[in-house]
Amino acid sequence: MKLTPHISYLEATARQRIAGLLDTGTFREILPPTLQRISPHLGLFDAPVAFDDGAIIGEGTLDGKPVFIFAQEGKFRGGSLGEVHAAKIAGLLLRAAAQKPQAVIGLFDSGGVRLEEANAGEIGSTEIIRAIFEAQKAGVPVIGLIGGSCGCFGGASIISCCCDALVASEEGRLSVSGPEVIETIMGVEAFDSRDRALVWRTTGGKNRFLFGKVATLVEDHIPAFRTAAAALITPSTPLSLDTLRAERARLEKRIKDFAACTDARQIWKKMGLDADRVPDMTSEELTAAKSA
């Protein structure tokens, strides 16, 4: 699969992203579509199925380093988590804990749990989280990439936040609840899901980067994601009571500093940034401004 140097990560398929991220010709897929591991539930609803159930898993190398990789296909049912989809990802992570590659790279592109198999999807999400912790306990870092058209919402967002580090583009979105869900529960006055500027400055990659949840902000092309992911491959530090306490203190300070803010622009201003310029800044410019 031949890629142009700056193919959009946002517009690429999951398989195109894998092909562009890994060293050429090194990807070996596990449970490929030819084995037809399809969802046992979707047929009950006369819903379309996919022979890989929207999750591609396998192994290869990145800058010569052996890595495992999984990718969610947002173009199939919004990258939703179902029984088979989740089991493939969890299995890959448990395999990583046993075989200890240099890293696991996770390409998130998901609206959350699949409604047609909600219970199985929810259980699958928790199994993935447990498997991430097992990989990290073995010293294998799990690096998440967010830049797909579906974003990273619901169960997928919780999973991604268990990773050692996240890479995102401005186009990537990360939130537990999607804009439509927030609007439905809280009302359009609280959050207008049709206001695209509001959605992106709240859940988008730039805001998540400024808050520190995203480690590296990149432009929307696959080589930028590849470079950022390669730079983050370092041995994982397992969770400890001290790290959990430090994270709690960081979150408490964030609430204290920004709880009164009602819009991301107010937060950016309190951070000392020119809030009007943030939406137009490149990833390099915003990274420099954050470090200043």
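The values are calculated or read from the model by the stated rules, or taken from the named source; none is laboratory data. These numbers were taken from a predicted model, which means no experiment stands behind them. When we count neighbours, we look across all protein chains shown, and the Cβ atoms used for this are built from the backbone with ideal geometry, even at glycine.
Worth a mention:
- Taking the range 104-135 as the range and being within 15 Å of the chain's Cα centre (by Cα) and not β-branched (Val, Ile, Thr) as the test, the residues that pass are GLY106, LEU107, PHE108, ASP109, SER110, GLY111, GLY112, SER125.
- Any hit, the range 223-243, residues being farther than 27 Å from SER110 by Cα, more than 16 Å from the chain's Cα centre (by Cα), not aliphatic (A, V, I, L, M) and not in a loop (DSSP other than H, G, I, E, B): yes
- Breaking point among (1) modelled with pLDDT of 95 or more; (2) closer than 18 Å to ASP164 by Cα; (3) crowded, with 17+ Cβ neighbours inside 10 Å, for ALA231: (3)
- Near pairs, Cβ below 7 angstrom, 6+ apart or cross-chain, from the range 191-216 (more than 16 Å from SER283 (Cα to Cα)) to any residue that is among the β-branched types (Val, Ile, Thr): PHE191/ILE182; SER193/VAL199
- Checked against the criterion of being among the polar types (S, T, N, Q), in a loop (DSSP other than H, G, I, E, B), touching a helix residue (DSSP H, G or I) at 6+ places or on another chain (Cβ under 9 Å) and assigned by TED's automatic domain parsing to the domain that holds GLY172, the range 31-42 has at least one qualifying residue.
- Unique residue being surrounded by fewer than 18 Cβ atoms within 10 Å (Cβ to Cβ), small (Gly, Ala, Ser) and under 30 Å from VAL67 (Cβ atoms) when the list is SER283, SER240: SER240
- Counting only helices (runs of 4 or more DSSP H) that sit completely within the range 135-216, those holding 1 or more residues that are surrounded by fewer than 21 Cβ atoms within 10 Å (Cβ to Cβ) and at pLDDT below 95 correspond to 179-186, 196-203.
- Checked against the criterion of being in a loop (DSSP other than H, G, I, E, B) and aliphatic (A, V, I, L, M), the range 11-21 has at least one qualifying residue.
- So LEU286, is it in a loop (DSSP other than H, G, I, E, B), in contact (Cβ under 8 Å) with a residue 12 or more places away in the chain and of a type outside the set (Lys, Arg): no
- Qualifying residue in the range 14-25 (condition: within 25 Å of ILE233 (Cα to Cα), at pLDDT 95 or above, hydroxyl-bearing (Ser, Thr, Tyr) and in contact with a Ser or Thr (Cβ under 7 Å, 6 or more places away or on another chain)): no
- The lone exception for ARG130 - which of (1) touching a helix residue (DSSP H, G or I) at 6+ places or on another chain (Cβ under 7 Å); (2) part of a helix (DSSP H, G or I) it fails: (1)
- Residue selected from the range 99-158 under the condition free of Cβ contacts under 8 Å to residues at least 60 places away in the same chain and among the aromatic types (Phe, Trp, Tyr), by the criterion farthest from LEU232 (Cα to Cα): PHE153
- Summed over the range 51-100, the residues that are in a loop (DSSP other than H, G, I, E, B) and closer than 19 Å to ILE146 by Cα give a count of 6.
- Taken together, the criteria exclude ILE255 from residues that are in a helix (DSSP H, G or I), closer than 18 Å to ALA289 by Cβ and outside the structural domain of ILE18 (by TED's automatic domain parsing).
- Residue count for the range 258-280 satisfying the condition of being surrounded by 13 or more Cβ atoms within 10 Å (Cβ to Cβ), touching a residue at least 12 places away in the same chain (Cβ under 8 Å) and in a loop (DSSP other than H, G, I, E, B): 2.
- Taking each residue of the range 58-74 that is in the same structural domain as LEU22 (by TED's automatic domain parsing) and looking for partners that are of a type in the set (Lys, Arg) and part of a strand (DSSP E or B) with beta-carbon atoms closer than 7 Å, six or more apart or interchain, yields GLY58/ARG28; GLU59/ARG28; GLY60/ARG28.
- Test for VAL214: is it under 17 Å from CYS162 (Cβ atoms), in the same structural domain as SER160 (by TED's automatic domain parsing) and either under 21 Å from the mean Cα position of the chain (by Cα) or of a type in the set (Asp, Glu) (or both): yes
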